[in-house]
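These notes concern the structure reproduced below.
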Amino acid sequence: MGTLGASGDFDVLPTIGSKELVALLAYLLEAKSVLIPEIAYPTYKVGALLARAEVLEVGIDANSWPKRADLAWINSPSNPTGRVHSKGELEACLAWARKSGATLASDECYLPFTNGIKAQSILAIANGDNTSVLAVHSLSKRSNMAGYRGAFVAGDPKLIAQLLEIRKHMGMMLPLPIQKSMAIALSDQSHVDKQAGRYQARREVLAKALVAAGFKIEFSEAGLYIWCSRDEKDWDSVDWFAELGILVTPGSFYGSKGNRYVRIALTASDENISSAASRIVAAVNR
């Protein structure tokens, strides 16, 4: 946990992929009100709805959040936007949680891919007081181990104990061989750095073509995606890319404020990314 800057009293719980934890957290904590980012990974909302909780979409500025809630999700670097939240923004979120008594859950699955931008875990921001704080991490992204379904949540020992007690009755224990493979992957940083370099190289190739095609790229400085807009309906952009044989995700999948954006993944091979960029440029020059 040293790389996350965690200190003080904390515990760690392996999970069957980070999606399990995201989908079940509101239910497991019996949350009745949940705050989620206004542009966000859809499972935050789905998990809250499954728990029959009230869901409120909020911006990153915690000063604008309601005074009370049971659970708040934050996500940095963000999926889908690639935005890295500042230390001040994360400190404000933590201060809000301390004051409101809410659990603050930080989805940090893309933290290994910040392209040199200074980004911190909420565990580092907590500075040793991990009360009501949880950080979610996944090896699906960090180590390309999506099929292994290996992830973990770290933070407040009381919350971790509560999650463990309930989950074991649900039969959701992570198999020991997967935990062993996670330990090996987490002990090596070189493969993560190599993969981060690949994503950044692909981003540069694709971004240049997108700008030439009239797309404005917002944030996208970290993570695995490009978040962009040509100031048209997202599905119109989806259709334009589809005509070129390129599949992108409509921004409305991540909230109503994303309805003029698309998310483009950088997870295709270098060859396919280069091919896509060439097709985009060729379409512009017709």
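A few comments on the model shown:
- Taken as a whole, the structure leaves residue 222 outside the set of residues that are under 24 Å from residue 142 (Cβ atoms), in a loop (DSSP other than H, G, I, E, B) and out of contact with any Ser or Thr (no Cβ under 8 Å at 6 or more places or on another chain).
- Among residues of segment 105-122, those that are hydrophobic (A, V, I, L, M, F, W, C), in a loop (DSSP other than H, G, I, E, B) and at pLDDT 95 or above, counted: 3
- Enumerated strands (runs of 3 or more DSSP E) restricted to segment 1-69, each holding at least 2 residues that are within 27 Å of residue 262 (Cβ to Cβ): 33-37, 54-58
- Of the helices (runs of 4 or more DSSP H) lying entirely inside segment 123-194, those containing at least 1 residues that are farther than 30 Å from residue 92 by Cα span 157-167, 176-186.
- Filter result for residue 125 (at pLDDT below 95 and either in the same structural domain as residue 67 (by TED's automatic domain parsing) or aromatic (Phe, Trp, Tyr) (or both)): no
- Residue match in segment 135-149 (condition: in contact with a Gly (Cβ under 6 Å, 6 or more places away or on another chain) and under 26 Å from residue 98 (Cβ atoms)): yes
- A single entry from 69, 62 fulfils the requirement of being crowded, with 21+ Cβ neighbours inside 10 Å, farther than 16 Å from residue 134 by Cα and aliphatic (A, V, I, L, M): 62.
- Residues satisfying the stated conditions in segment 74-104, i.e. under 10 Å from the mean Cα position of the chain (by Cα) and either part of a strand (DSSP E or B) or of a type in the set (S, T, N, Q) (or both): 74, 75, 76, 78, 79, 81
- Selected residue (only one of 194, 158, 141 is at pLDDT below 95, farther than 16 Å from residue 73 by Cα and of a type in the set (D, E, K, R)): 141
The rows are residues; the columns are (1) in contact with a Ser or Thr (Cβ under 6 Å, 6 or more places away or on another chain); (2) under 18 Å from residue 167 (Cα atoms); (3) of a type outside the set (Phe, Trp, Tyr).
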{"residue": "18", "(1), (2), (3)": "yes, yes, yes"}
{"residue": "30", "(1), (2), (3)": "no, yes, yes"}
{"residue": "47", "(1), (2), (3)": "no, yes, yes"}
{"residue": "58", "(1), (2), (3)": "no, no, yes"}
{"residue": "70", "(1), (2), (3)": "yes, no, yes"}
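- Identity of the residue in segment 170-202, among the charged types (D, E, K, R) and in contact with a helix residue (DSSP H, G or I) (Cβ under 9 Å, 6 or more places away or on another chain), that ends up farthest from residue 244 (Cα to Cα): 198
- For residue 278, the conditions (1) in a helix (DSSP H, G or I); (2) under 26 Å from the mean Cα position of the chain (by Cα); (3) loosely packed, with under 14 Cβ neighbours inside 10 Å all hold with the exception of (2).
- Candidate set from segment 221-254 (those that are closer than 18 Å to residue 270 by Cα and not hydrophobic (A, V, I, L, M, F, W, C)); member that is surrounded by the most Cβ atoms within 10 Å (Cβ to Cβ): 223
The values are calculated or read from the model by the stated rules, or taken from the named source; none is laboratory data. Just so we're clear, the structure is a prediction, and the values are computed from it rather than from any experiment. Because the Cβ atoms are built from the backbone with ideal geometry, glycine has one as well, and the counts that use them run over all protein chains shown.
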